[in-house]
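Colleague: Shown below is the structure under consideration.
The values are calculated or read from the model by the stated rules, or taken from the named source; none is laboratory data. Predicted model only: the values in this text are computed from it and were never measured. Please note: Cβ atoms are built from the backbone with ideal geometry, for glycine as well, and neighbour counts cover all protein chains shown.
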């Protein structure tokens, strides 16, 4: 088989094209939902901690199932897992839409518990979905295209992450919560349809470990014995856990920048605008050397940009700083994804992805909770400054401890 070449090589593979289009639609739906849920909950409660509970209600089930979900992705048809999880996310979107209808709106008279319950269920689905997606993608393309595929996967994800918050903010502002959730449902249906069209691929041969616990332990041992992978995952863990301010953006938009839902959508989209610009650049100019130092520098840059964002009282400056933070974060995502896909055996990718999800994926939601708690204790601005400083401290510590990562030039 002739392997495509050039910056668009991975997109020439039909199954990969369907895969990333499905993920694009699903991500777009999730991003729209995230903006609308955050604004709706803050409107109902006027409490920054309630925004943190959105993240916590998704992180707890996601963490709880992640390791088992990783094992499952290595022993069960990955497409089957993906379709089941996306169907569950579709049901969650339908439930949120139902709460806005006359027949279902009475549920919200008792507070936001019903919204948290739906988010909890979606957390379970996303906990199983993440390792299945990670393990399934490399089955769709030749190994030589891993880096290009990861870059395009990140590019389309960032495109959805830009469109989702902006569309969500506009829909919420001009058409209300019902139209926003209706768009969420439509995009989930489209994503599910595209995922169904992807060719089913056989599982790689199982690893030698016997029993669920032994297989999970093998995945954990692999990650914790590999200094490069552990260092890369740890960097993103602390950056996301302490450095992010996504959960607090409704407060920045409403109380600090004196703006509304449209501004919130722009703020949510700004990091992804920067990330998309960087992803397109890397597509045509791949990182070929000093991967470890580039990763460390970019995580540090992310922390600095978040500190400056916290100090800004101008909407345009805030948007610019968030764009810069997205540029730095994009490099981290692409380098980490390339390391994980290249250095992990095919029959262990689900488990390694699950460990990564516990570190990174769920830390997004735990980071939201941490942001809410820190904002309650320190104030909104000081909590984001504190998080940025902790990110810089983490870079210094990991740089000293993970020498193999710091000295890494490139992977084959």
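Colleague: Provide a single number: the residues in segment 47-89 that are over 19 Å from residue 349 (Cα atoms) and in contact with a helix residue (DSSP H, G or I) (Cβ under 8 Å, 6 or more places away or on another chain). Break it down stepwise before answering.
Modeller: Residues of segment 47-89 that are over 19 Å from residue 349 (Cα atoms), as a first pass: 47-61, 84, 86-89.
Subsequent filtering for residues that are in contact with a helix residue (DSSP H, G or I) (Cβ under 8 Å, 6 or more places away or on another chain) retains 48-61, 84, 86-89.
Here the count works out to 19.
Colleague: Being within 22 Å of the chain's Cα centre (by Cα), modelled with pLDDT under 80 and within 24 Å of residue 292 (Cα to Cα) is the filter here, so list the residues in segment 363-402 that pass it.
Modeller: Listed by number, the residues that qualify are 363, 364.
Colleague: On to the next question. For residue 158, state whether it is at pLDDT below 85, over 21 Å from the mean Cα position of the chain (by Cα) and either farther than 26 Å from residue 196 by Cβ or in a helix (DSSP H, G or I) (or both).
Modeller: Working: at pLDDT below 85: yes; over 21 Å from the mean Cα position of the chain (by Cα): no; either farther than 26 Å from residue 196 by Cβ or in a helix (DSSP H, G or I) (or both): yes.
Spelling it out, it is not the case that residue 158 is at pLDDT below 85, over 21 Å from the mean Cα position of the chain (by Cα) and either farther than 26 Å from residue 196 by Cβ or in a helix (DSSP H, G or I) (or both).
Yes/no matrix, rows are residues, columns are (1) in a loop (DSSP other than H, G, I, E, B); (2) under 21 Å from the mean Cα position of the chain (by Cα); (3) closer than 30 Å to residue 282 by Cα:
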site	(1), (2), (3)
17	no, yes, yes
22	no, yes, yes
27	no, yes, yes
56	no, yes, no
61	no, yes, no
68	no, yes, no
74	no, no, no
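Colleague: Kindly indicate which of 246, 223 is more than 17 Å from residue 340 (Cβ to Cβ), touching a helix residue (DSSP H, G or I) at 6+ places or on another chain (Cβ under 8 Å) and either at pLDDT 80 or above or surrounded by fewer than 23 Cβ atoms within 10 Å (Cβ to Cβ) (or both).
Modeller: On the way: 223 fails: more than 17 Å from residue 340 (Cβ to Cβ).
Just a single option satisfies the conditions, and that option is 246.
Colleague: Do we find that residue 103 is more than 29 Å from residue 201 (Cα to Cα), modelled with pLDDT of 90 or more and surrounded by fewer than 20 Cβ atoms within 10 Å (Cβ to Cβ) in this structure? Full working, then the answer.
Modeller: On the way: more than 29 Å from residue 201 (Cα to Cα): yes; modelled with pLDDT of 90 or more: no; surrounded by fewer than 20 Cβ atoms within 10 Å (Cβ to Cβ): yes.
No: the conditions fail for residue 103.
Colleague: Now for a separate question. For segment 257-275: of the residues being at pLDDT 80 or above and buried (at least 24 other Cβ atoms within 10 Å of the Cβ), which is nearest to residue 40 (Cα to Cα)?
Modeller: It comes out as 267.
Colleague: May I pose another question? Can you name the condition, by its number, that residue 80 falls short on among (1) modelled with pLDDT under 80; (2) closer than 20 Å to residue 354 by Cα?
Modeller: For residue 80, the failing item is (1).
Colleague: Right, next: Within segment 109-143, restricting attention to residues that are free of Cβ contacts under 8 Å to residues at least 40 places away in the same chain and either touching a helix residue (DSSP H, G or I) at 6+ places or on another chain (Cβ under 7 Å) or crowded, with 19+ Cβ neighbours inside 10 Å (or both), which residue is farthest from residue 350 (Cα to Cα)?
Modeller: Once the filter is applied, the top-ranked residue is 114.
Colleague: Here's a follow-up. Tell me the residue from 326, 301 that is touching a helix residue (DSSP H, G or I) at 6+ places or on another chain (Cβ under 9 Å) and surrounded by fewer than 23 Cβ atoms within 10 Å (Cβ to Cβ), please. If you could, list the steps in order and put the result at the bottom.
Modeller: Working: 326 fails: surrounded by fewer than 23 Cβ atoms within 10 Å (Cβ to Cβ).
Unique residue meeting the criteria: 301.
Colleague: Pairs only if they're at least six apart or on different chains, beta carbon under 6 angstrom, first in segment 40-68 and under 15 Å from residue 249 (Cβ atoms), second modelled with pLDDT under 80 and not in a helix (DSSP H, G or I); list them, first residue then second.
Modeller: Taking only residues 6 or more apart or on different chains, the pairs are 41/112.
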